[in-house]
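Notes follow the structure.
The values are calculated or read from the model by the stated rules, or taken from the named source; none is laboratory data. Since the structure is predicted, the reported quantities are computational estimates derived from the model, not experimental observations. Backbone-built Cβ (ideal geometry, glycine too); neighbour counts: all protein chains shown. These area figures cover heavy atoms from the full protein model, side chains too; ligands, DNA and RNA do not enter into them. Shrake-Rupley method; radii C 1.70, N 1.55, O 1.52, S 1.80 Å.
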Amino acid sequence: MRYDDNKPKYIRYGIYALAIGLSFLLQSSAVAFPEIFGARTFLLLPLSVCIAMHEREIPAAIFGAFSGLLWDSVSGIEGFNAVVIMVLSAVCSILISHLMQNNIVTAFVLSAGTVFVYELMYIIVNFGFGNAGNPIKQVFVFYLPSFIYTMVFVPVYYYIVSHIFSRYKTE
């Protein structure tokens, strides 16, 4: 196999890495996407899901881990995001390749499931060790509005990743 055969794939991977980096900067910046009634958007989750929907399991897991490592750099729980997003990305890729069709409805379903599982695991880890106050209040005040705020970006990411994948597809 020659390098020229995989050149579109490497360009696509580079664009994905830049998109993850830009989304991380936007997610971490309070100016780019301000909190709405205390809710924050988790941009890296739908982006990781959309990338996983278009890639095989190993690249999906690697990009999920990259997203999680970036998020861990500003997070309080070391390694949590990297492991969780890596596993969720690999699962999404496996579901698309073996069970589901790749379309916008599936992107919403998988993104909703991913955000739900991520938030549930974060609540269990965070509140399970007594790090915060009332978890029921936090669910309705922060996590549910953040879930809705995050889901707004699913179609944007899906169409961007679909365009990148179709433009730089390897034969």
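Report yes if Ser146 is open to solvent by less than 60 Å² (accessible area, probe 1.4 Å), among the polar types (S, T, N, Q), out of contact with any Asp or Glu (no Cβ under 7 Å at 6 or more places or on another chain) and more than 29 Å from Ile11 (Cβ to Cβ), otherwise no.
yes
Could you pull out the residue among Ser28, Ser23 that is under 21 Å from Ser111 (Cβ atoms), open to solvent by less than 90 Å² (accessible area, probe 1.4 Å), hydroxyl-bearing (Ser, Thr, Tyr) and under 13 Å from the mean Cα position of the chain (by Cα)?
So the residue among Ser28, Ser23 that is under 21 Å from Ser111 (Cβ atoms), open to solvent by less than 90 Å² (accessible area, probe 1.4 Å), hydroxyl-bearing (Ser, Thr, Tyr) and under 13 Å from the mean Cα position of the chain (by Cα) is Ser23.
Quick one: would you say Val31 is without any contact (Cβ under 8 Å) to a residue 40 or more places away in the chain and either in contact with a helix residue (DSSP H, G or I) (Cβ under 9 Å, 6 or more places away or on another chain) or aliphatic (A, V, I, L, M) (or both)? Steps first, please.
Details: without any contact (Cβ under 8 Å) to a residue 40 or more places away in the chain: yes; either in contact with a helix residue (DSSP H, G or I) (Cβ under 9 Å, 6 or more places away or on another chain) or aliphatic (A, V, I, L, M) (or both): yes.
Criteria met by Val31.
Could you give every pair whose Cβ atoms fall below 9 Å, whose first residue belongs to the range 155-167 and is part of a helix (DSSP H, G or I), and whose second residue is of a type in the set (Ser, Thr, Tyr), counting only separations of at least 6 or pairs across chains?
If the second residue must be of a type in the set (Ser, Thr, Tyr), the pairs left are Tyr157/Ser23; Tyr157/Ser111; Tyr158/Ser111; Val161/Tyr16; Ile164/Tyr16.
When both residues are 6+ apart or on different chains and their Cβ atoms are under 6 Å apart, which pairs have a first residue that lies in the range 13-25 and is over 19 Å from Met53 (Cβ atoms), and a second that is open to solvent by 30 Å² or more (accessible area, probe 1.4 Å) and in a helix (DSSP H, G or I)?
Correct list of pairs: Phe24/Leu70.
I need the full set of residues from the range 1-20 which are among the aromatic types (Phe, Trp, Tyr) and either touching a Phe, Trp or Tyr at 6+ places or on another chain (Cβ under 7 Å) or surrounded by fewer than 16 Cβ atoms within 10 Å (Cβ to Cβ) (or both), in order please.
Those that are among the aromatic types (Phe, Trp, Tyr) and either touching a Phe, Trp or Tyr at 6+ places or on another chain (Cβ under 7 Å) or surrounded by fewer than 16 Cβ atoms within 10 Å (Cβ to Cβ) (or both): Tyr3, Tyr10, Tyr16.
When Ser162 is evaluated against the numbered criteria (1) open to solvent by less than 60 Å² (accessible area, probe 1.4 Å); (2) more than 18 Å from the chain's Cα centre (by Cα); (3) of a type outside the set (A, V, I, L, M), which criterion, by number, is the only one it fails?
Of the numbered conditions (1) open to solvent by less than 60 Å² (accessible area, probe 1.4 Å); (2) more than 18 Å from the chain's Cα centre (by Cα); (3) of a type outside the set (A, V, I, L, M), the odd one out for Ser162 is (2).
Going by what's in this entry, would Ser73 be described as out of contact with any Leu (no Cβ under 6 Å at 6 or more places or on another chain) and within 19 Å of Ser28 (Cα to Cα)?
yes
If only one of Val125, Val115, Val83 is part of a helix (DSSP H, G or I), buried (at least 22 other Cβ atoms within 10 Å of the Cβ), aliphatic (A, V, I, L, M) and touching a residue at least 12 places away in the same chain (Cβ under 8 Å), which one is it?
Numbers: Val125 fails: buried (at least 22 other Cβ atoms within 10 Å of the Cβ); Val83 fails: buried (at least 22 other Cβ atoms within 10 Å of the Cβ).
Unique residue meeting the criteria: Val115.
Among the residues of the range 65-92, write down those that are among the hydrophobic types (A, V, I, L, M, F, W, C) and within 16 Å of Ser23 (Cα to Cα).
Ala65, Phe66, Leu69, Leu70, Trp71, Val74, Ala82, Ile85, listed by residue number.
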